Amino acid sequence: MADLTVYLIQQAALDLLLHPFGPEDQAVIAEGVPKQTMYTDNEPPYMTMCHVGDTFRNLTLSSEGWEYLNEGRPDKPKWGWVTNKTGSVLTLRLDTDRSAISKSTEPVKVFFQHLRSYENMGQAEFR
């Protein structure tokens, strides 16, 4: 794997020497990245405020039928809420008030990641 990394770095350095950054590249950068998303209204967050591990767990108001478990290994923990019970309810408090850090009146976007790779999974409802 180290050989591949060294090769990649060498190829990038060689390409930069043979084809230095020029006015054409500057023009492309000045155009900016086109605003395209795979799905309608699927916008990236403009400000990251991730809650992972204990900070995510602290958002919990109630966890009826849920357990906060480490499904990883000691060297690579994967903490999260897990349930195997139909009808289980997990309630989280998500503070969308940004008045202390911004005067923007734009709606706050909330992104929620969840695992979908297990078999026989249920459904989630966001309210």
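The table that follows gives values for the structure above.
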quantity	calculated
Tally of residues being of a type outside the set (A, V, I, L, M), open to solvent by less than 80 Å² (accessible area, probe 1.4 Å) and in contact with a strand residue (DSSP E or B) (Cβ under 6 Å, 6 or more places away or on another chain) across region 69-87	3
Which numbered condition residue 98 fails, given (1) more than 16 Å from residue 126 (Cβ to Cβ); (2) among the basic types (Lys, Arg); (3) open to solvent by 100 Å² or more (accessible area, probe 1.4 Å)	(3)
Residue that is farthest from the chain's Cα centre (by Cα), among those in region 103-116 that are surrounded by 10 or more Cβ atoms within 10 Å (Cβ to Cβ) and touching a residue at least 12 places away in the same chain (Cβ under 8 Å)	108
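The values are calculated or read from the model by the stated rules, or taken from the named source; none is laboratory data. It should be emphasised that the depicted structure is a prediction, and the values quoted were computed from it without experimental measurement. Don't worry about glycine lacking a Cβ; one is built from the backbone with ideal geometry, like all the others, and counts go over all protein chains shown. Surface accessibility is based on the protein's heavy atoms, side chains included, excluding ligands, DNA and RNA. Shrake-Rupley method; radii C 1.70, N 1.55, O 1.52, S 1.80 Å.
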